[in-house]
Amino acid sequence: DSGVTQTPKHLITATGQRVTLRCSPRSGDLSVYWYQQSLDQGLQFLIQYYNGEERAKGNILERFSAQQFPDLHSELNLSSLELGDSALYFCASSVDILSPLHFGNGTRLTVT
Amino acid sequence: GESVGLHLPTLSVQEGDNSIINCAYSNSASDYFIWYKQESGKGPQFIIDIRSNMDKRQGQRVTVLLNKTVKHLSLQIAATQPGDSAVYFCAENDTGANSKLTFGKGITLSVRP
């Protein structure tokens, strides 16, 4: 068990809808990362937060947004969903950028 | 369980043999490298890391080798066990820049009993 908790485990929704994925980092970790894993793209970095502030941004679509709250949990919001957004979404946390990331078990999003 | 479902290269080894998984990284400025293991239905699990000031690091049954000259990373698993069957990813990070951890495509390790 990595100590990173993601909810929900599975999410099925229709095109055009909006969903929120939630992540609780390991105790003591200030950095939270979001990754997308799809069939043909591998693990793609989306965004990183450190102690509530956005620190780095990857290939995150404008339809997607995230935030990290004062209690350090994070949410990833996906809107105007398309079929191609179906993927596994992973959250990871670390103490700092020089430490390994520890991943949750992901949220599997299916857009129908 | 759920599978990653990627069309990945596969390395098949006999149980008890040593496994070597190779990775070519792309960014010459990367100074921190990590190997992850991903089992079906789970998130990537940290195995071992190495910083660019080292060329070898050993853990329990695993060794990571780094060759910065040719931008090559390898993971050696001693006495491979059925529980080692998984997808393995290398990841690189330029910690002096934006600290984005970039993952390779992954390799499936299949252990034959």
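Key figures
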quantity: Lone qualifier among B:105, B:37 - being under 14 Å from the mean Cα position of the chain (by Cα), part of a loop (DSSP other than H, G, I, E, B) and touching a residue at least 40 places away in the same chain (Cβ under 8 Å); calculated: B:105
quantity: Selection status of residue B:75, of a type in the set (A, V, I, L, M, F, W, C), open to solvent by less than 50 Å² (accessible area, probe 1.4 Å) and not in a loop (DSSP other than H, G, I, E, B); calculated: yes
quantity: Residue B:36, sole failed condition from (1) at positive phi; (2) in contact with a strand residue (DSSP E or B) (Cβ under 6 Å, 6 or more places away or on another chain); calculated: (1)
quantity: The lone exception for residue B:100 - which of (1) open to solvent by less than 20 Å² (accessible area, probe 1.4 Å); (2) over 16 Å from the mean Cα position of the chain (by Cα) it fails; calculated: (1)
quantity: When residues of the range B:48-66 are limited to those that are away from chain A (no Cβ under 13 Å) and touching a residue at least 24 places away in the same chain (Cβ under 8 Å), the one surrounded by the fewest Cβ atoms within 10 Å (Cβ to Cβ); calculated: B:62
quantity: Test: residue in the range A:63-75 that is facing another protein chain (nearest Cβ under 9 Å) and open to solvent by 70 Å² or more (accessible area, probe 1.4 Å); calculated: no
quantity: Close pairs from the range A:1-24: first at pLDDT below 95 and of a type in the set (Lys, Arg), partner exposed (fewer than 13 other Cβ atoms within 10 Å of the Cβ) and part of a loop (DSSP other than H, G, I, E, B), Cβ under 7 Å, at least 6 apart; calculated: none
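The values are calculated or read from the model by the stated rules, or taken from the named source; none is laboratory data. No experiment lies behind these values; they were computed from the predicted model shown. Cβ sites come from the backbone with ideal geometry, for glycine too, and all protein chains shown count toward neighbours. Remember, those area values only see protein heavy atoms, side chains included, never the ligands or the DNA or RNA. Shrake-Rupley method; radii C 1.70, N 1.55, O 1.52, S 1.80 Å.
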